[in-house]
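The block underneath contains the structure these notes are about, expressed in structure tokens.
Every number here is computed from the coordinates shown, using simple stated rules; none is lab data. This one's a predicted model, so the numbers in the text were calculated from it and none came from an experiment. Here the Cβ positions follow ideal geometry from the backbone for every residue, glycine too, while neighbour counts run over all protein chains shown.
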Amino acid sequence: MTQKPLFNKILIANRGEIAVRIIRACQEMGIATVAVYSDADAASLHVSLADEAVYLGGAPAAESYLRGDKILQAAQKLGCDAIHPGYGFLSENADFADAVTAAGLTFIGPTGDAMRAMGSKIAARAAMQSAGVPVVPGYQTTDSDADLLTAAADIGFPVLVKASAGGGGKGMRVVQSSAELPNALASARREAQNAFGDDRIYLEKYIVNPRHIEFQIFGDTHGNAIHLFERECSIQRRHQKIIEESPSPFLDDDLRRRMGDAAVAAVRAVGYVNAGTIEFLVDADRNFYFLEMNTRLQVEHPVTELVTGVDLVKLQLRVAAGKELSVVQQAICQQGHAIECRIYAEDPANNFLPEIGKVLRAVEPVGPGVRVDAGVTTGDEISLHYDPMIAKLIVWGENRAEAVRKMDWALRHYVVLGVTTNIPFLRDVVAHSAFRRGDLTTNFVPDHFSDWQLHTETPPDIALVAVAISDMLADANRGAVTDGMAGDGDRFSPWTSLRGFRMGVTQ
């Protein structure tokens with residue numbers, strides 16, 4: 001007897017690789033999917049893969065992917081019973097989560113109240129302190145600059161000015177002395193207001209050369225809470241992660257257990273339901289401190305999936321449907337080692353500035369233990385309106401050394417023509433002796449690659465580029481030869497495309 005799916009139809013309120021990831025999980029579970037898209041994404045991969053697609057509006061996110069009212073109306077009109085927000089955009093918008101629930105649909109994520117409790121970094125610090133979770137020494141009362149100046153002197157410089165509603169490095173300033181603090185406070189407030197509509201800030205002790213280590217957590221509506229071990233996320237540029245791995249090469253069994261227990265305590269402290277991440281800073285003496293909680297699925301979730309064997313998106317759907325967690329803490333273990341590199345259209349030699357343009361050809365590496373979660377492929381445009389991520393490249397090996405070698409191989413066999421990417425930079429990072437030793441901190445990139453330039457002596461594999469160009473020319477010739485035939489000129493024709501086709505496009 002066929003088992004009834006958890007949901008009949010889900011709208012994915014996102015784009016790119018995460019929308020593709022969710023659609024594929026739904027397909028495996030027999031759940032119909034609805035994609036949403038903007039002017040810039042009408043021909044995107046996630047649109048072609050979904051059963052139905054709904055046009056939202058103009059390319060700017062404010063006219064499309066941030067229009068919660070349009071997204072909710074579309075879900076209701078098309079008979080969806082749930083909405084998955086992915087990450088970014090509306091994924092941590094408590095009011096949107098509440099609106100979805102009020103409309104009688106299921107929001108696949110935490111409740112709006114849990115988001116509010118953890119979305120404010122000031123409130124989250126207070127909640128963690130009450131739960132006995134270690135936090136970075138700091139000051140979270142923001143009455144006046146005079147109070148902050150006094151607090152900074154008590155904490156001891158350097159200090160970190162942080163936006164309460166911040167993320168991605170916005171509203172964040174490292175301050176080395178009391179003389180620098182007034183200007184840092186003013187500029188951080190302006191940036192926080194512009195980015196988040198919330199100018200509240202607070203202070204933390206600046207931990208010199210820490211590691212950034214996070215724990216994947218899950219809670220359900222039956223009172224169960226678990227963690228699925230850690231991810232090391234110390235390789236960052238501009239406070240944003242670019243390489244993640246699991247297990248962390250730094251943690252021993254005792255520290256891993258204590259951090260995992262603290263992560264679960266954080267989940268229970270706010271009655272958290274669904275997927276989330278507890279992020280910690282770890283200093284050289286193995287002291288760990290709560291940094292923040294992300295109330296959503298993370299970009300880097302595949303490394304956890306590869307080492308635990310747990311499909312986190314399917315687990316999200318199960319929990320959202322009111323089921324108990326399908327795994328218990330004692331049954332979860334780490335097997336082997338996984339590493340993820342984020343493939344971006346950006347120029348590492350020019351301060352990682354984003355690149356825009358058309359991807360003329362994308363050739364992804366294929367092999368045992370190699371996974372590519374892509375949202376951009378041949379023929380797609382990299383737009384200035386969205387994050388320039390092309391894909392996530394994830395590898396698995398029996399141990400870290402094998403995973404590093406496999407990542408090096410996979411990066412050498414990943415070809416993207418038409419836009420500048422960070423692939424050569426990632427190859428250099430993976431090849432660096434400090435990375436291979438596991439000697440990682442959040443300052444790894446500025447410490448080792450502050451003046452990075454593309455090495456002319458290590459170009460992309462010429463044979464791979466030649467094959468890519470040959471394929472590209474062959475496609476062009478094929479289009480000329482088949483002029484007038486069925487499917488000609490249609491990227492989504494099953495006769496001329498390997499990407500499938502779309503149905504029920506609604507505009």
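Using only the alpha-carbon atoms of region 63-140, report the extent along each of the three principal axes, biggest first, to the nearest angstrom.
Over region 63-140, Cα extents along the principal axes are 49, 25, 16 Å.
In the calculated pair distance distribution of region 246-355, what percentage of Cα-Cα distances lie above 22 Å?
Tail of P(r) above 22 Å: 43 percent of Cα pairs.
Mind putting a number on the dipole of region 151-226 about its Cα centre? Charges go on the C-beta only, +1 for Lys and Arg and -1 for Asp and Glu, and I need it in Debye to the nearest 20.
180 debye
For Asn399 and Leu360, compute 0.36 nm times the residue count separating them, minus their Cα-Cα distance, and round to one decimal in nm.
10.5 nm
Roughly how many nanometres apart are two label points built 7 Å out from the Cα toward the Cβ at Phe157 and Ser187?
1.5 nm
Can you tell me what the convex hull of the Cα atoms of region 1-114 projects to on average, as an area in nm²?
Spelled out: convex hull of the Cα atoms, projected over all directions, averaged, 6.8 nm².
In percent, how large is the relative contact order of region 273-355, given Cα pairs closer than 8 Å and 6 or more residues apart?
Computed over region 273-355, the figure is 22 percent.
Which of the chymotrypsin sites (Phe, Trp or Tyr not before Pro) found in region 82-183 are loop residues per DSSP with 14 or fewer other Cβ atoms within 10 Å of their Cβ?
Qualifying residues, ordered by number: none.
For the chain, compute Rh as the Kirkwood radius over C-alpha pairs and then the Stokes-Einstein diffusion coefficient at 20 °C and 1.002 mPa s; write the answer in µm²/s, rounded to an integer.
The estimated diffusion coefficient comes to 90 µm²/s.
How long is the gain from Val327 to Gln27 if the chain were fully straight, where each residue apart is worth 0.36 nm and the alpha carbon distance is subtracted?
So the chain would gain 105.8 nm between Val327 and Gln27.
Can you list residues whose amide H is under 5 Å from Asp198's amide H, if they're 5+ apart or on another chain and H is modeled 1.01 Å from N?
Answer set, sorted by chain and number: Gln193.
Quick one: Debye curve from the C-alpha atoms of region 137-205, no solvent, what's log10 I(q)/I(0) at q = 0.18 Å⁻¹?
-0.55
How about region 274-320: which trypsin sites (Lys or Arg not before Pro) there are in a DSSP loop, with at most 14 other Cβ atoms within 10 Å of their Cβ?
Arg286
Enumerate by residue number the trypsin sites (Lys or Arg not before Pro) in region 207-276 meeting two conditions: DSSP loop (anything except H, G, I, E, B), and at most 13 other Cβ atoms within 10 Å of the site's Cβ.
Filter output for region 207-276: Arg238.
Hey, what's the Cα Rg ratio for region 303-423 versus the globular rule of thumb, 2.2 N^0.38 Å?
For region 303-423, the normalised Cα radius of gyration comes out at 1.25.
Return the aspartates and glutamates within reach of Lys323: Cα separation strictly under 12 angstrom, same-chain partners fewer than 8 residues apart disregarded; answer none if there are no such residues.
Asp220
Under 12 Å from the Cβ of Ala184, count the other residues' Cβ atoms, weight Lys and Arg +1, Asp and Glu -1, and hand me the total.
Result for the local shell: +1.
So if a site counts as exposed when it's one of the GluC sites (Glu not before Pro), its DSSP state isn't H, G, I, E or B, and it has at most 15 other Cβ atoms within 10 Å, what's the longest stretch of the chain without one?
For GluC sites (Glu not before Pro) (loop position, at most 15 other Cβ atoms within 10 Å), the longest site-free span of the chain is 1-323.
Please list, ordered by chain and number, the residues whose modelled amide H lies under 5 Å from the amide H of Arg361; skip anything fewer than 5 residues away on the same chain.
Placed amide hydrogens put Gly379, Leu417 under 5 Å from Arg361.
Quick one: plug the Kirkwood hydrodynamic radius of region 174-306 (C-alpha pairs) into Stokes-Einstein at 25 °C, 0.890 mPa s, and report D in µm²/s.
150 µm²/s
Under 8 Å for C-alpha pairs, at least 6 residues apart: give me the relative contact order for region 31-116, rounded to a whole percent.
Contact order relative to length: 21 percent.
If I model a spin label as a point 7 Å beyond the Cα along the Cα-Cβ vector, how far apart are those points for Asp439 and Gln3 in nm?
It works out to 4.9 nm between the two label points.
Which of the DSSP-defined H helices in the chain satisfy a minimum axial length of 27 Å, computed from C-alpha atoms, and a minimum mean Kyte-Doolittle hydropathy of 0.5?
The qualifying helices are 462-481.
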